[in-house]
Amino acid sequence: MALAVRGFMDGKPIDKVSPREALWPVSFLGALYAGLVPVAVNTLLTADDYAYMLQHSRAQAALVSAGNVKLHRKVGTVAFFLPPIMIVLGVIAAVDALRRGVQIGPLDPATSFAIPAIGLIGFVIVIYASWKTRRQPDAHKRLILIATAGLVEAAFGRFPWAKLGLPPAAGALTGLGILILLIIIYDLVSLHRIHRATMWAAPLTFVVNAAAVPIGMTAAWHSFAAMLK
């Protein structure tokens, strides 16, 4: 999903340049799972070899490694037209579900509507911050990942949580919490501290999504939902 937000679509090549480490197979398999075509590149190759493979594989993801930072930023700017489209379509889909009476587990349609609608608020804040920090790679990539994690909560809600004794909304929040915890663990392992971007974006994303159901149960929210029907 994070790759999709950045503009990588099914079938698009992505060069994979990194030393032999545990994350290498993880990222390689992750690219396959995302529908991309990973192109393994040896770190011992020359600059001419990299240039040749970049040109012939047409892999956007190797642009920074190849030194084309300016071009990567231009491509990234174009890709950032996707989040506004995602937000608009997300609102349309949420309102359509409300009007069709879609329910998430035992929640009524108005409360169910609060989950994607309020979740989008957190996404907007974090994805905007990621755009503002586009020239700060360490913050930018974390904010992109956290914003994407907030969207993935909806997918977690479709897991068979009932078999574990959890309602879908609680299960989705549990899945989101696990993703955020993994990001925090990554910070602690790689930096020996929590990155300042993670420090505010992770709790914000979790709290916004956690507050969706309680807010959705209020009379004020039900009145607001009734206006949209």
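Bear in mind that the values in this text are calculations on the coordinates, not laboratory data. Just so you know, these numbers come straight off a predicted model, no measurement behind them. All Cβ positions, glycine included, derive from the backbone under ideal geometry; neighbour counts span all protein chains shown.
Restricting everything to alpha-carbon atoms, can you work out Rg to Rh for region 165-229 with a Kirkwood hydrodynamic radius? Result for region 165-229 is an Rg/Rh of 1.15.
What FRET efficiency comes out for the pair residue 95/residue 188, r = Cβ-Cβ distance, R0 = 30 Å, nearest 0.05? The formula returns an efficiency of 0.15 here. Over the Cα atoms of region 95-228, the radius of gyration divided by the Kirkwood radius equals 1.02; this is the Rg/Rh ratio.
If R0 is 25 Å, what FRET efficiency do you get for residue 134 and residue 159 from their C-beta distance, rounded to 0.05? My answer for the efficiency is 0.15.
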